[in-house]
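The values are calculated or read from the model by the stated rules, or taken from the named source; none is laboratory data. The shown structure was predicted, so the numbers you read here are calculated from the model rather than taken from an experiment. Protein only, heavy atoms only, side chains kept; ligands, DNA and RNA dropped before computing areas. Shrake-Rupley method; radii C 1.70, N 1.55, O 1.52, S 1.80 Å.
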Amino acid sequence: KITWIDIKNPRDKDVTFLAERFPFLHKTVLAEIIPPGHRAKVEKHKDYMFLILYYPIFNPAHKTTQSREVDIIITKDHIITSHYQTLIPLKKLFDQINLYKEKKEEYLSGNTGVLLHHLIIGMLDSTFNKLYIIEKNIDEVEDAIFDDKERAMVREISLIKRDVLNFRRILAPQQVVLESLYKESINFFGEQIVPYMEDALGYFSRVQNFIEDQKETIQALSETNDSLLNTKINEIIKMLTIFSVMILPLTLLTSIWGMN
């Protein structure tokens, strides 16, 4: 009794379809479907809820993490997702429901709030996979730092810092959104939705803690790398100073005997 409509790369005809199929959708909500926004939010209306969430993806060309918007409309028996480009966690969940009967029964046997819970968990779980890659890069940088490759690691540390910073910038504002969703979903679906929303909030907290741990780790490695570089520079300056002191008498004699 639940229908999931997934729209990829929405166009005007998709908005027209939604307006005709769901006449109760407000025009301001429909207006936010097409242009990509920049702010996560949740809105509760009489017959539906509207969410804007952001999912981090890695751009290998720029070696950094970027955000992808997901617009979600939830009614009592429909869930509508709209996004640009293919989002792996959404496609994975959508394909599981289409291909496997047991998954279809598991995800669609409750209300749309249960399906929304699985959708959010899928996005957060995929985020964990990306954070594991960052953790692997941090471990490689740590090994290289103590393998006398401090100079080469300056750029790598900067790239990882930017990656972690972008992750935090994408996910941090969504904590307030998920907390608001928790409150509004109780009014919309009833008390039975509480365990699912609490699970989503707990999962989000684990992702946040993981990101904070990585931030502190890469910051500590950056300070260690800077210390080792400064130590090497000081050793070089020390050697140059000794060499300058050694040739100073010769320079003085040369200057004296060179005078007319």
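Against the chain, whose longest principal axis comes from its Cα atoms, helix 194-257 is set at around 10 degrees. Phi angles across region 112-126 convert, under the Karplus curve 6.51 cos²θ - 1.76 cosθ + 1.60 with θ = phi - 60°, into 3J(HN,Hα) values of 5, x, 5, 5, 4, 4, 5, 5, 5, 4, x, 5, 5, 5, 5 Hz, Gly and Pro given as x. The accessible area of THR217, taken with all protein chains in place and a 1.4 Å probe, comes to roughly 60 Å². Taking 0.36 nm per residue of separation and subtracting the current Cα-Cα distance, fully stretching the chain between ASP95 and THR64 would add 8.4 nm. Per residue, the Cα convex hull of region 24-64 amounts to 84 Å³. For ILE7, nonlocal amide neighbours, meaning residues 5 or more places apart or on other chains whose placed amide H falls under 5 Å from its own, are THR81, SER82, HIS83. Computed from the alpha carbon atoms alone, the convex hull of region 1-140 holds 130 Å³ per residue. Listed by chain and number, the aspartates and glutamates whose alpha-carbon sits under 18 Å from that of LYS13, ignoring those within fewer than 8 places in the same chain, are GLU32, ASP71.
The HN-Hα couplings worked out from phi for region 83-91 by the Karplus form 6.51 cos²θ - 1.76 cosθ + 1.60 (θ = phi - 60°) are 7, 9, 6, 7, 9, 4, x, 5, 5 Hz, whole numbers, x standing for Gly and Pro. Counting only alpha carbon atoms, the long axis of helix 12-21 and the longest principal axis of the chain meet at about 40°. Computed on protein heavy atoms with a 1.4 Å probe, the accessible areas place TRP257, TRP4 in the order TRP257, TRP4, largest first. What's the percent breakdown of Cα-Cα distances in region 179-260 across 5 Å bins, shortest bin first? Spelled out bin by bin, region 179-260 gives 3, 11, 9, 8, 7, 6, 7, 6, 5, 5, 5, 4, 4, 4, 3, 3, 3, 3, 2, 1, 0 percent. Here the Debye sum runs over all C-alpha atoms of region 45-112 as equal scatterers in vacuum, and log10 of I(q)/I(0) at q = 0.24 Å⁻¹ comes out as -1.11.
Sorted largest first, the spans of the alpha carbon positions of region 114-260 along the three principal axes are 101, 27, 15 Å. Less than 5 angstrom separates the built amide H of HIS78 from those of THR3, all sequence-distant by 5 or more or on a different chain. Computed over the chain, relative contact order equals 18 percent, with contacts defined as Cα pairs under 8 Å that lie 6+ residues apart. So what is log10(I(q)/I(0)) for the chain at q = 0.17 1/Å, when the Debye sum runs over its Cα atoms only? Here the Debye-derived log intensity ratios amount to -1.27.
Taking θ as phi - 60° and the Karplus parameters 6.51, -1.76 and 1.60, the scalar couplings of region 31-48 work out to 5, 8, 6, 7, x, x, x, 9, 9, 6, 6, 9, 10, 10, 10, 4, 10, 6 Hz in sequence order, x denoting glycine and proline.
Running a GNM on the chain with Cα contacts under 10 Å, which residue among HIS26, HIS117, HIS38 ends up with the highest mean-square fluctuation? So, out of HIS26, HIS117, HIS38, the one fluctuating most is HIS26. Apolar share of the accessible surface for the chain: 56 percent from carbon plus sulfur atoms, 1.4 Å probe. Helix 150-171 axis versus longest C-alpha principal axis of the chain: approximately 20°, rounded to the nearest ten.
Measuring against 28 Å, Cα to Cα, the residue pairs LYS1/LYS91; LYS8/LYS41; LYS149/LYS238; LYS63/LYS215; LYS63/LYS101 contain LYS63/LYS101 as the ones spanning a longer distance. The residues of the chain expose on average 59 square angstrom of accessible surface per residue, using a 1.4 Å probe on protein heavy atoms. Once all protein chains are placed together, ILE233 keeps about 80 Å² accessible to a 1.4 angstrom probe. When only Cα pairs below 8 angstrom with a gap of at least 6 residues are kept, region 130-260 shows a relative contact order of 33 percent. Of interest is the spacing of the C-alpha centroids, which for region 1-50 and region 224-258 amounts to 70 Å.
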